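Just below is one structure, and these are the notes that go with it.
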Amino acid sequence: MVLIYETGGILNEGFVGQISYTVCLDKAYDAMDIEFTFDKQHYQTITEEMGKKIRESCSGMPEYEHASEEELMDAMRGMKTEIHTIVTMNDTFIGGVHKQLTTRHMVFSDDFTSDGCIPQERIFGVIKVTLAVFNVLLDGTNYRLKLSAGNQEKKISPDGGAYV
Amino acid sequence: MYKRLELHNHTTESDGTLTPSQLIQFMEENLADGFAITDHNTISGHSKIKGLLEQKKSSISSIYGMEYTTYYGHILCLNLKEYLSWESIDYHRPERLFHNLKEKGALVGVAHPFSYGHPFARGCRFDMTITDFNSFDFIEVFNNPEPLHQVNEPALLWWEELVLKGFPLSATCGMDLHGRWDMNNQYATFIEGVNGGNIEKELEDAIRHQKTWVSRGPILESKYDPQKQTILFTICETKKPGFIHSDSDRYILSLCCMTETVVKEFPDCRSLEIPLNELYPDYNTRSVLIPKLYQNNTAIENLVAVAPVIIPG
């Protein structure tokens, strides 16, 4: 596998929307690995101020606004930054990962794909990777994206399916 | 025959814990006639399920779909032949996506519309503004794991309100299955079909003609007799396992129309014929009827089944 593109960025709290990266491959490959990582998935600490802010955003929602402090804290501990990854090749959908792994691989080949991805005999043309950001809990949430492709002998790594 | 369908299921292709193969096995063990694969924002499980079913020569039918998981609500899509992009969904006009999906032959529904959403689970509640209620096909009135009063009851009431106004929406339900969950006494969707029939076609016919049943077990059949001007209601058992009912439980029929709700107790024979003039004192104002079956009383906890709406001729 050869690294073809690597990028990253910083997300701010409350962002909702897409960030897309388009890569024009130089030639056809028989395998591709897209690795996506992000941090700060959960609140590390929950301050009084954060609780107050959430409480305010629940105003007018009968199912939340009468929640006890404990219920609210529990709910906040369960909250997460949520990012989906969607991949198209030449404008055709070839995979989407909903599972909220902070490190995820989207591996495509003819005989192996990661969960959520569709096997491809050849990887060629224009690859578009979209980060669909549903929720960002904290300012300064870092993410990295790497796209690698190759024609080498296939072997699945033990940590989640990347080609090595 | 009636076919029991489980219409909302996830696999390891998104965030479920059952592989496509395990999902098939689980549905077979639970005696479902058919099931849908509705992973979040991917159709990667479709070919796997197809391949496995061909290999196994299984008699269980599969329906290919997806749960469009958007920032503002979940859209359950069945008979989906190809992935259509959702990211440009318009909060104020979801009909654009509904239309595009329907144009490709898919059946489009709103999943768990009153689920808890922002700020704790963005997208789980359906927050989009729908102005054209003819633009989609069904509402998931029971998402079994969701709380009854806070989530499912409002969904059922919303569907009732819309169909009483004349919108051609079907009711469906599902397990929103993410693992090997207990399906006993939970609601399932039933449709009419024939042995070996094309499940996609049967589902399409059922949903497009508002001929879906939602039930924990028995089916509430209704037959309008234009000669006698009566409707005959009959309770039919199904093979769905786990329905909790004892012989001492009385079956109650509720018929809801625009102006009132009529409640009657079923006799032991489980058949009940009701003259239309009992339901509509004024012949000229016949509206849609929603038949529902309860046990003992009409509290939502005791709701057994929702039957297709009746539109007396």
Net dipole in debye of the protein assembly as shown [+1 Lys, Arg Cβ; -1 Asp, Glu Cβ; about Cα centre; nearest 20]: 840
Total charge dipole magnitude, chain B, about the Cα centre, Cβ charges on Lys, Arg, Asp, Glu only, Debye to nearest 20: 460
Under-5 Å amide H pairs with B:Glu6, H placed in peptide plane, nonlocal only: B:Gly34, B:Phe35, B:Ala36
Stokes-Einstein D (µm²/s) once Rh is taken as the Kirkwood radius of the stretch B:2-214 over alpha-carbon pairs, at 4 °C in 1.567 mPa s: 76
FRET efficiency estimate (nearest 0.05) - Cβ-Cβ, B:Leu157 to B:Asp268, R0 35 angstrom: 0.65
Other-chain or far-sequence residues with amide H under 5 Å of B:Thr70's (modelled H): B:Ile75
Per-residue average of Cβ from other chains inside 10 Å of B:39-51: 4
Distant-in-sequence amide H partners of A:Ile4 (H built 1.01 Å from N, under 5 Å): A:Leu147, A:Ser148, A:Ala149
Loop chymotrypsin sites (Phe, Trp or Tyr not before Pro), the stretch B:81-135 (other Cβ atoms within 10 Å of the site Cβ: 16 or fewer; DSSP): B:Tyr91, B:Phe133
Expected 222 nm ellipticity per residue - DSSP helices of 4 or more, -39500 (n - 2.57), all of chain A, to 500: -4000 deg cm²/dmol
Label-to-label distance, nm, for residues given as B:Thr19 and B:Leu31 (7 Å Cα→Cβ offset): 2.8
Cβ-Cβ FRET estimate between A:Glu49 and B:Gln150, R0 fixed at 30 Å, reported to 0.05: 0.60
Under 28 Å from A:Lys128, Cα to Cα: lysines that are on another chain or at least 8 residues apart: A:Lys27, A:Lys40, A:Lys80, A:Lys99, A:Lys146, A:Lys154, A:Lys155, B:Lys48, B:Lys50, B:Lys81, B:Lys102, B:Lys104
Where trypsin sites (Lys or Arg not before Pro) fall in DSSP loop in the stretch B:1-68, at most 14 other Cβ within 10 Å: B:Lys57
Nitroxide proxy distance, nm - points 7 Å out along Cα→Cβ at A:Asp39 and B:Asp205: 5.9
Overall form of the stretch B:185-250 per C-alpha gyration tensor (a/c, 1.5; a/b vs b/c): oblate
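Normalised by the number of residues in the stretch B:2-214, what is the relative contact order in percent for Cα pairs under 8 Å and 6+ residues apart?
21
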Order of B:Cys173, B:Cys269, B:Cys236 - criterion: other Cβ atoms within 10 Å of each residue's Cβ, fewest first: B:Cys269, B:Cys236, B:Cys173
B:Asp90/A:Ser20 FRET efficiency (R0 22 Å; Cβ-Cβ; nearest 0.05): 0.75
Whether the stretch A:46-152 is rounded, prolate or oblate, judged on the alpha carbon gyration tensor where a/c under 1.5 counts as rounded: prolate
Residue-wise HN-Hα coupling along the stretch B:289-301, computed from phi with Karplus coefficients 6.51, -1.76, 1.60 (Hz; x: Gly, Pro): 10, 10, x, 9, 10, 10, 10, 6, 7, 8, 6, 4, 4
Longest DSSP-loop-exposure-free segment, GluC sites (Glu not before Pro), chain A, at most 14 other Cβ within 10 Å: A:14-120
Simple Cβ-charge dipole of the stretch B:217-306, Lys/Arg +1 and Asp/Glu -1, about Cα centre, in debye nearest 20: 260
Ratio Rg/Rh, restricted to the protein assembly as shown and using Cα atoms, in which Rh is the Kirkwood radius: 1.01
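Bear in mind that the values in this text are calculations on the coordinates, not laboratory data. Here the structure is a predicted model, which is why all the values come from computation and not from measurement. All Cβ positions, glycine included, derive from the backbone under ideal geometry; neighbour counts span all protein chains shown.
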